[in-house]
Structure formats: structure tokens, C-alpha cells
1. Using a 1.4 Å probe over the heavy atoms of the protein chains, calculate the carbon and sulfur portion of the accessible area of the chain as a whole percent.
2. If you count, for each residue, the other Cβ atoms within 10 Å and average over each peptide, how do 56-63, 178-185 line up from highest to lowest?
3. Taking the chain, how many lysine pairs are there with alpha carbons less than 12 Å apart, if each pair must be eight or more places apart or span two chains?
4. Hey, can you find the accessible area per residue of the chain for me, probe 1.4 Å, expressed in square angstrom?
5. What length, rounded to one decimal in nm, is gained on full extension from residue 23 through to residue 40, with 0.36 nm per residue of separation minus their alpha-carbon distance?
6. When you count, for each residue, the other Cβ atoms within 10 Å and take the mean per peptide, how do 141-153, 113-125, 38-50, 163-175 rank with the highest first?
7. How large, in Å, is the range 111-206 by the Kirkwood hydrodynamic radius built from its alpha-carbon pairs?
8. Take each complete run of DSSP H in the chain, measure how far its Cα atoms stretch along the helix's own axis, and keep only those covering 18 Å or more with mean Kyte-Doolittle hydropathy at least 1.0; list them.
Amino acid sequence: MKMFSEQSGITLKKYINDIKKELFRKTIHLCTAFIPFLLAHFFSVTLCLLITVGLLYSVSELLRLHGIQVPLISEITEAAARKRDEDRFVLGPLTLVCGIIITALLWKQPAAAIGIFALAFGDGLASLAGKLFGTVHIPGTSGKTVAGSLACFTAIFCSTWLYTHNTRFALIIAIAGMFIEVLPLKDFDNLLIPVLLGGISQILLP
């Protein structure tokens, strides 16, 4: 009985720790929702800052893997890292920055903004909802859940509709985003979601 109680305590502790990490990661994701507004008013400066952040992060990660801690950056990385990221280069923040940069360079401002909002809100909330409420898993998706996919669809639909006030268009983008997010892409969904949804938006927007 005592052993069962200890095991339950360890499982609960691990679950709470996973949720804390997910909340921390997704807070960073959600903060990228401010970037379209910065790009609209200070495009070159914002782009330069994003490139600088990506380079600094890459150098920090390479140093961390060689046992050299970079103050603040390495601590943030370790606080947000998943179990699968242990002892390797944590790609998530880099693919996040690269996805935003590529989207901003490829597509016009409205289309790029829609892609970045989808990344911030859709992908940002999907895994958090999956962790908190995901009991039904989708086969062949490496653990993605119905709850996560529904959260992704809802978040992308709402953010796109609020930006465009076009229900049909928001529905198309939300469905496309949900299907991209459900693919077992790991950290590379940070690249594909904004770039592909930004491209679809540019084709469909008047």
C-alpha cells in the first residue's frame, strides 16, 4: 500500500512538472503573437532582432552541449526542455524563430500575420490542451490527441476570424492548420504551420 502511494506521488509530481514545462514553453509561443504588429511597423528592425535571437540561441545551445552554460539563455532552455531533448540540441526555439522569419520574408504582411498567429495560438494551445485534457489519442500521430487538435482548430479559427472577419476563410485556415499540427513533425511544425498557412492565405486573400 505504501509503495503504491509513493508511486502515485511520483507520477503526480512528474505530471505537474510536465504541465509546468508545457505552460512555460507555450507562454513563449503565445508571446510570438506580438511579432506581426512589430513587423507591420518596424519590419527590418524586427527581422534583424529575430535573426540575432536565432544566432545567439544556436551559439548558446552549442556551448551548453559542451558543458558551458550561458547565463539566462541556457537556464531558460533547460527549464523548457522536454525529456526527448535531454543531452541534445533543443530545436524548438530555433525552428520557432526560423518559421517566423521565413514566413515574414515569403509572404505579404496580412498573409504572414495569419500564419504567425496560427503558430502562436494554434500550435501554442494544442499541446497544452493535449497534456491537460487529452485522453483520446489519434493513431499514427506520435501521441497527438483529439483535445489538442480541437484546441488547435478553435484557436486558429478565432485568431484568423478576428484578423479578417471572414468566416469561410477562417474555417479553411483552421482546418488546414489542424491537419498540419496533427502530423508527427515534432519541432518542425514550428516551420511548416506559419509558412504553409501563410502561403494558403496569400493565395486565398483578395
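1. Values: 8670 of 11640 Å².
Of all accessible area on the chain, carbon and sulfur atoms account for 74 percent.
2. Values: 56-63: 15.5, 178-185: 18.4.
Top of the packing list down: 178-185, 56-63.
3. Working: 14/83; 20/131; 21/83; 21/131; 26/131; 131/144; 144/186.
Value for the chain: 7.
4. Values: 11640 Å² over 206 residues.
Result: 57 Å² of accessible area for each residue.
5. Working: separation 17, 0.36 × 17 = 6.12 nm, distance 2.80 nm.
Extra length available between residue 23 and residue 40 comes to 3.3 nm.
6. Working: 141-153: 19.8, 113-125: 27.4, 38-50: 14.0, 163-175: 16.5.
In decreasing order of mean packing, 141-153, 113-125, 38-50, 163-175 become 113-125, 141-153, 163-175, 38-50.
7. Numbers: mean 1/r = 0.0778 Å⁻¹.
That comes to 12.8 Å for the range 111-206.
8. Numbers: long enough: 2-31 (44 Å, -0.46); 43-65 (33 Å, 1.71); 92-106 (21 Å, 2.23); 146-164 (27 Å, 1.37); 167-182 (22 Å, 1.86); 189-204 (22 Å, 1.44).
Membrane-span-like by this criterion, though nothing is claimed about a membrane: 43-65, 92-106, 146-164, 167-182, 189-204.
The values are calculated or read from the model by the stated rules, or taken from the named source; none is laboratory data. Note that the structure is a prediction, hence the values are computed from the model and not measured. Don't worry about glycine lacking a Cβ; one is built from the backbone with ideal geometry, like all the others, and counts go over all protein chains shown. The area values use the complete protein model at the heavy-atom level, side chains included, leaving out ligands, DNA and RNA. Shrake-Rupley method; radii C 1.70, N 1.55, O 1.52, S 1.80 Å.
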